[in-house]
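Student: The structure's right below; bear with me while I get my questions together.
The values are calculated or read from the model by the stated rules, or taken from the named source; none is laboratory data. Predicted model, so just to flag it, every value in this text is computed and none were measured. Please note: Cβ atoms are built from the backbone with ideal geometry, for glycine as well, and neighbour counts cover all protein chains shown.
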Amino acid sequence: MGWYDADIDRVIITEEELRAKTAELAKQVAADYASVDGLLLVCVLKGAVMFMADFSRELGKVGGPPAELEFMAVSSYGQGTTSSGVVRILKDLDRDIAGKHVIVVEDIVDSGLTLSWLLKYLESRSAKSVDVVALFRKPEAIKVPVPVKYVGFDIPTEFVVGYGLDYSERYREVPYVGILKPEVYQR
Ligand code: 5GP
């Protein structure tokens, strides 16, 4: 039992389902990028960190091209659990991405506002190609159309935690994805 189990109302996606889906996504990407000599994976901190760690290792195991791992941190101005689309870079890429095949490794596409901004940013830095792999998508919430080539799970428009996703910086270490009990928000 983890300390967090008592705070979870219901599990949406189990560890086993996360593992299986990550392997499936890695296989698709490895097949599509079989002819390139390298990939640059860009993880958006902090929510996508677990997915980045597992996806990159899986990509290697299933025969994907050599990968470089980059991390960015962005903050969208907004209150609480909604996002506004105005994005500030908290941590930029460490290196030049010009001429590289880039894959953005995202945790969740909600309104799509953050991602839409990020794609424009990466293109402005002259990446050779940019694709997105997102573990989760909330289909009803999409406000701007974003081309997400690889999607793990479509989930309902509810606030989820675990596997990197937080509520007030907590619950990121939860190994599965779930919904919090309503009383947690009253604390
Ligand atoms: P968007 O700009 O697409 O609305 O917001 C995307 C970001 O908001 C995600 O990368 C994620 O960090 C955060 N986010 C969106 N939905 C959820 C959610 O249900 N739970 C958590 N913990 N974060 C979320």
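Student: How many of the residues making up the stretch 35-65 are farther than 23 Å from residue 19 by Cβ and without any contact (Cβ under 8 Å) to a residue 40 or more places away in the chain?
Tutor: 2
Student: Here is a follow-up. List the residue pairs whose Cβ atoms are under 8 Å apart, where the first residue sits in the stretch 154-179 and is of a type in the set (S, T, N, Q), the second is surrounded by 14 or more Cβ atoms within 10 Å (Cβ to Cβ), and the two are 6 or more positions apart or on different chains.
Tutor: 157/138; 157/141
Student: Return the residues of the stretch 26-46 that are within 27 Å of residue 76 (Cα to Cα) and out of contact with any Lys or Arg (no Cβ under 9 Å at 6 or more places or on another chain); say none if nothing qualifies. Outline the logic, then answer.
Tutor: To start, the set of residues in the stretch 26-46 that are within 27 Å of residue 76 (Cα to Cα) comprises 39-46.
Result: 41, 42, 43, 44.
Student: Looking at 172, 137 in this structure, which one is out of contact with any Phe, Trp or Tyr (no Cβ under 7 Å at 6 or more places or on another chain), at pLDDT 95 or above and within 13 Å of the ligand (Cβ to nearest atom)? First the steps, then the outcome.
Tutor: Numbers: 137 fails: at pLDDT 95 or above.
Every option except 172 fails the conditions.
Student: For the stretch 145-161: of the residues being more than 9 Å from the ligand (Cβ to nearest atom) and out of contact with any Lys or Arg (no Cβ under 9 Å at 6 or more places or on another chain), which is farthest from residue 53 (Cα to Cα)?
Tutor: 145
Student: Further question on the same structure: Being farther than 24 Å from residue 67 by Cβ, polar (S, T, N, Q) and crowded, with 18+ Cβ neighbours inside 10 Å narrows it down to one of 168, 111, so name that one. Talk me through it step by step, then tell me what you get.
Tutor: Numbers: 168 fails: crowded, with 18+ Cβ neighbours inside 10 Å.
One residue alone meets the criteria, 111.
Student: Still on this model: Residues of the stretch 1-29 being assigned to a helix (DSSP H, G or I) and of a type in the set (Ser, Thr, Tyr), which ones?
Tutor: Answer for the stretch 1-29, where residues must be assigned to a helix (DSSP H, G or I) and of a type in the set (Ser, Thr, Tyr): just 22.
Student: From 18, 25, which residue is within 18 Å of the chain's Cα centre (by Cα), within 16 Å of the ligand (Cβ to nearest atom) and surrounded by 15 or more Cβ atoms within 10 Å (Cβ to Cβ)?
Tutor: On the way: 25 fails: within 16 Å of the ligand (Cβ to nearest atom).
18 is the lone residue from the list that is within 18 Å of the chain's Cα centre (by Cα), within 16 Å of the ligand (Cβ to nearest atom) and surrounded by 15 or more Cβ atoms within 10 Å (Cβ to Cβ).
Student: Restricting the stretch 97-128 to residues that are of a type outside the set (S, T, N, Q) and on the phi > 0 side of the Ramachandran plot, which is modelled with the lowest pLDDT?
Tutor: Top of the filtered list is 112.
Student: Sticking with this structure for a sec: May I ask you to list the residues in the stretch 176-187 that are surrounded by 13 or more Cβ atoms within 10 Å (Cβ to Cβ) and away from the ligand (no atom under 12 Å from the Cβ)?
Tutor: Answer for the stretch 176-187, where residues must be surrounded by 13 or more Cβ atoms within 10 Å (Cβ to Cβ) and away from the ligand (no atom under 12 Å from the Cβ): 176, 181, 184.
Student: A follow-up question, please. Given the structure, is residue 164 near the ligand (Cβ under 10 Å from one of its atoms), modelled with pLDDT of 95 or more, touching a helix residue (DSSP H, G or I) at 6+ places or on another chain (Cβ under 6 Å) and not polar (S, T, N, Q)?
Tutor: yes
Here's the yes/no breakdown for (1) among the β-branched types (Val, Ile, Thr); (2) farther than 27 Å from residue 113 by Cα:
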position: 29; (1), (2): yes, no
position: 36; (1), (2): yes, yes
position: 39; (1), (2): no, no
position: 58; (1), (2): no, yes
position: 62; (1), (2): yes, yes
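Student: So, one more: Can you pull out every residue in the stretch 48-67 that is among the acidic types (Asp, Glu) and under 12 Å from residue 105 (Cα atoms)?
Tutor: Residue satisfying the conditions is 54 alone.
Student: Ok, one more. Among the strands (runs of 3 or more DSSP E) confined wholly to the stretch 97-187, which include 2 or more residues that are under 18 Å from residue 72 (Cβ atoms) and over 13 Å from the mean Cα position of the chain (by Cα)?
Tutor: Correct list: 101-109, 129-137.
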